[in-house]
Structures are given as structure tokens and as C-alpha cells.
Amino acid sequence: MLKIGLTGNFGMGKTTVAKLFKKMGAHVIDTDQIVDQLLQAPEVIDDIRQLFGEEVLVDGKINKKYIANIVFENPLMRVYLENILHPKVFDKVEEIIQKIPSKGEPTIVVIEAPVIFERGYQNRFDIIITVFTPEDIALDRLKRKGISEEEARKRLNAQFPIEMKKLKSDYIIDNSGSIEDTIIQV
């Protein structure tokens, strides 16, 4: 089994590339989906409530926008939140991998994870691929999705520079051109 860590910065096309890998037969695990599931688990809700206070809850559910406003302004709070979530995310990733049937041919698992380098997780993968695009293109894409430039910049600034990620990766995919160009690279 080949475990591929797929990373890149906010708005640069990780999800697009992950979908292409899936179309080509790879098993794809989206860690953002796992986080969404975890944020509904009572024990995780309780841990996050203890960290952020009662204000983090709206009708008993985690207010993700409230958390985002805090963690993208306060890196230490982001680390505390990641310390709650990341071990559980990796447990779930391993659980999913264990359920992938072996068919005799090599199995490729692509794990879409935005903060591989920021948290030193690169050794959890056999290969790391970084998806990138110039920041102005990423900002334009995010704006079209309804994300303000201010919010997008906060998130981009919370991540390692894309050039550093490119240098540390085994492969890079330039997602600034046409979808056809990206397909060829995948």
C-alpha cells in the first residue's frame, strides 16, 4: 500500500486534485470530512467547549465560524485545537485504511491533509504531493466561493509558505492552468 499525503494551501486545489486521483482509481481520504464528523462527537464537543468556553456552542453544536475567528488570529489556540482533533483524525484514517480491501494489485491511498508540514506529519506518508497555484489565483477562486479576501488571507497566513511546501514535497502539481493541465500532472 502506498500512502500519499496530498497537501497545499487554502484555495489552491487539493480537493480538485483529490477528485482526479479518485477518478483514476486511488482511494481518497478527506481529513476535512473526518474533522466535520468529529465535531459532532459528544466527547470532542466537550473537549472543545472546555478549550473555548460555552460561547463555542450554538444549540449544542460547535460553531465553526466562531472557532475559525479565534484560531486564525491566535496560533496557540489553533495548536490546542489541533491537539484535540489530529490524533483522532489519524486514528480514523488508519481505521479507514484497514477497511480497504486488498485485491492483489498495489493499493494507492491519497490522504488530503492541509497541514502536513506545519505539524511535522510528513513521516506518516510514503510520498507527499503539494498542489499549488499563485496566491492571486487562489484568492480569486476563494472569492468566487464567497470567502472574503480578509478571511482567505488569514487562513493562508496561518499555513507555511507554499514555496517551502513545494521544496519539501516529493512531487508538485501546478493547478494554475486548465483542468486538462492538472489532469496530465495527476
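The values are calculated or read from the model by the stated rules, or taken from the named source; none is laboratory data. Note that this is a predicted model, so its numbers are computed, not measured. Every residue, glycine as well, gets a Cβ built from its backbone with ideal geometry; the counts of neighbours run over all protein chains shown. To get the accessible areas, we keep the full protein, side chains included, count just its heavy atoms, and leave off ligands, DNA and RNA. Shrake-Rupley method; radii C 1.70, N 1.55, O 1.52, S 1.80 Å.
Just checking, how many residues over the range 20-60 are open to solvent by 60 Å² or more (accessible area, probe 1.4 Å), under 16 Å from the mean Cα position of the chain (by Cα) and among the polar types (S, T, N, Q)?
Number of matching residues: 2.
Return yes or no: is D136 in a helix (DSSP H, G or I), of a type outside the set (G, A, S) and exposed (fewer than 14 other Cβ atoms within 10 Å of the Cβ)?
Working: in a helix (DSSP H, G or I): yes; of a type outside the set (G, A, S): yes; exposed (fewer than 14 other Cβ atoms within 10 Å of the Cβ): yes.
In short, yes.
Can you tell me which residue among T7, T15 is open to solvent by 20 Å² or more (accessible area, probe 1.4 Å) and either among the hydroxyl-bearing types (S, T, Y) or over 27 Å from I162 (Cα atoms) (or both)? Give the derivation first.
Numbers: T7 fails: open to solvent by 20 Å² or more (accessible area, probe 1.4 Å).
One residue alone meets the criteria, T15.
Given the structure, is I100 free of Cβ contacts under 8 Å to residues at least 24 places away in the same chain and of a type in the set (V, I, T)?
Values: free of Cβ contacts under 8 Å to residues at least 24 places away in the same chain: no; of a type in the set (V, I, T): yes.
No: the conditions fail for I100.
Check the range 163-176 and report whether any residue there is within 23 Å of N74 (Cβ to Cβ), modelled with pLDDT under 90 and not hydrophobic (A, V, I, L, M, F, W, C).
First, pick out the residues of the range 163-176 that are within 23 Å of N74 (Cβ to Cβ): 164-165.
Adding the requirement that they be modelled with pLDDT under 90 leaves none.
Taking every residue of the range 163-176 in turn, none turns out to be within 23 Å of N74 (Cβ to Cβ), modelled with pLDDT under 90 and not hydrophobic (A, V, I, L, M, F, W, C).
What number of residues within the range 158-186 satisfy the criterion of being more than 14 Å from T7 (Cβ to Cβ), touching a residue at least 60 places away in the same chain (Cβ under 8 Å) and not in a loop (DSSP other than H, G, I, E, B)?
Here the count works out to 3.
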